[in-house]
There are 2 protein chains.
Amino acid sequence: MEASGPQLVIDVPAWVDAVTAAGASYATDEQKMALAIRLARENVHRGAGGPFGAAVFEIGSGRIVAAGVNSVVRRQNSVLHAEIVALMLAQQRVGSFTLRAPGQPAHELVTSCEPCAMCLGATLWSGVSRLVIAATREDAMAVGFEEGPVFPESYAYIAERGVTTVWGVGREEAASLLRGYRDGGGAIYNAVPPPGRAG
Amino acid sequence: MEASGPQLVIDVPAWVDAVTAAGASYATDEQKMALAIRLARENVHRGAGGPFGAAVFEIGSGRIVAAGVNSVVRRQNSVLHAEIVALMLAQQRVGSFTLRAPGQPAHELVTSCEPCAMCLGATLWSGVSRLVIAATREDAMAVGFEEGPVFPESYAYIAERGVTTVWGVGREEAASLLRGYRDGGGAIYNAVPPPGRAG
């Protein structure tokens, strides 16, 4: 279909491909999470964005399908959390708006920090069957990041629809990265300040 | 920053610009919603996607900043709900990851259907101050669309952070459009079937 004037481009920085070693396989949750956390760390160290990384894998083979890093400030776009970038690129690679398309292997999203409300919704729509989380909502909020309206029943809701959540893989390392980012003066780029904080 | 191999392009179909009459001002909620619903209707009639339209306006002037239509199937990307497209294009136009950037007028998101969990989170992160909704979650689910983990406390959460929600503007027309879409055999493109439904 013909495109109109306004367009925008979503991408990841060039170094992400080198970090992820396209086509590589990752056998365990710990190995997959080490990659997500490394993406988060590199994103900070290279001045590319916030301390968040994520990747989509085929569950059976462990093959990486796509990786994402937080790109909110780099692209001036509040939608571009690491999970959103990874999910969109994974769907583009697979060529379907659902990673549960017929003939597809099952997929999982591995993220260095618990998804915010937006990303948890996107996880459900993406068609992944499994969600692996390192740092928690509390870890993120402790350094000043907002997480949005997510409740315990949110996880029950996605579980009922076939998305299994796995917690605590690499949490300490990921939470430490968040604290280091704050302590290093990293920007806390909420669009809206939390209640009770000065804007 | 240098971009790497994987990129994707977000856009709206060419006819959206003609429908929105770029730079036009809309005085009332009803006029703004009539545009959002017209976008949804045109999206269906032109075979471009699902029955959902949205637009971002400056609250004070009523000037339209950006418009979006559901582009999930067209772009094979489950993130591209109408609200997400409108918010991303609005931020690109404003040049900031928050529509509450210093010196910016207040903005609002007007959508033909209640935002799903992903889009409600995105609404909060976008920096809009006001959310205007036509068809409800129940209207959407009645024709088979999933809406994700949104609860009454989700709206309390965003209200505490300065996002006012206005309900029921154009609801009947928007809900009728949803029913007409279903009755016309329009695709209900959930990535994951709701519990209890055949996949």
For region A:33-50, take each phi angle, set θ = phi - 60°, evaluate the Karplus expression 6.51 cos²θ - 1.76 cosθ + 1.60, and give the result in whole Hz per residue in order, putting x for glycine and proline.
-> 5, 4, 5, 4, 5, 5, 4, 4, 5, 5, 4, 6, 5, 8, x, 8, x, x
Measuring from the lowest to the highest alpha carbon on each principal axis, how far does region B:82-181 reach, largest first, in angstroms?
-> 42, 27, 21
Around B:Asn77, what is the net charge, scoring Lys/Arg as +1 and Asp/Glu as -1 over all other residues with Cβ under 13 Å from its Cβ?
-> +2
Chain B - mean residue ellipticity at 222 nm from DSSP helices (-39,500 (n - 2.57) per run, n ≥ 4, rounded to 500) = -11500 deg cm²/dmol
Under unit Cβ charges (Lys, Arg +1; Asp, Glu -1), what dipole magnitude, rounded to 20 debye, does region B:1-99 have relative to its Cα centre?
-> 200
Whole-Hz couplings from phi, Karplus 6.51/-1.76/1.60, listed for region B:147-162; x for Gly and Pro | 10, x, x, 10, 10, x, 5, 5, 6, 5, 4, 6, 5, 4, 9, x
Top of A:Gln91, A:Gln76, A:Gln31 by mean-square fluctuation, Gaussian network on chain A, Cα under 10 Å | A:Gln76
List the distances, in nm to one decimal, from the label point of B:Met141 to the label points of the same position in every other copy, shortest first, placing each label point 7 Å from Cα along the Cα-to-Cβ direction.
-> 2.5
Convex hull volume of region A:43-127 per residue (C-alpha atoms, cubic angstrom) = 89
Quick one: dipole size for the protein assembly as shown, taken about the Cα centre, charges +1 on Lys/Arg Cβ and -1 on Asp/Glu Cβ, in debye to the nearest 20.
-> 500
Any residue on another chain or 5+ positions along whose placed amide H is under 5 Å from the amide H of A:Val65 is listed here as A:Val56, A:Phe57, A:Glu58
Under the rule rounded for a/c under 1.5, else prolate if a/b exceeds b/c, else oblate, using alpha carbon gyration tensor axes a ≥ b ≥ c, region B:1-79 is classed as oblate
Give the span of region B:48-98's Cα atoms along each principal axis, as three whole-Å numbers ordered largest to smallest.
-> 34, 21, 12
Note, A:Leu124: beta-carbon cut-off 13 Å, +1 each Lys/Arg, -1 each Asp/Glu, net -1
7 Å along Cα→Cβ, label-point gaps from B:Ala18 to other copies, nm, shortest first = 4.8
dims of the protein assembly as shown, Cα set, principal axes, largest to smallest, nearest Å -> 52, 49, 38
Please identify every one of the GluC sites (Glu not before Pro) in region B:1-99 that sits in a loop by DSSP and has no more than 11 other beta carbons within 10 Å of its own beta carbon.
-> B:Glu2
Label distances, nm, A:Gln7 versus same residue in remaining copies, Cβ-directed 7 Å point | 0.9
Rounded to whole Å and ordered largest first, report the semi-axes of the equivalent ellipsoid of chain B derived from its Cα gyration tensor (root of 5λ).
-> 24, 20, 18
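Where a number appears in this text, it was derived from the coordinates with a stated rule and is not lab data. Being a predicted model, the structure only gives us computed values, none of them experimental. Neighbour counts run over all protein chains shown; Cβ positions are idealised from the backbone, glycine included.
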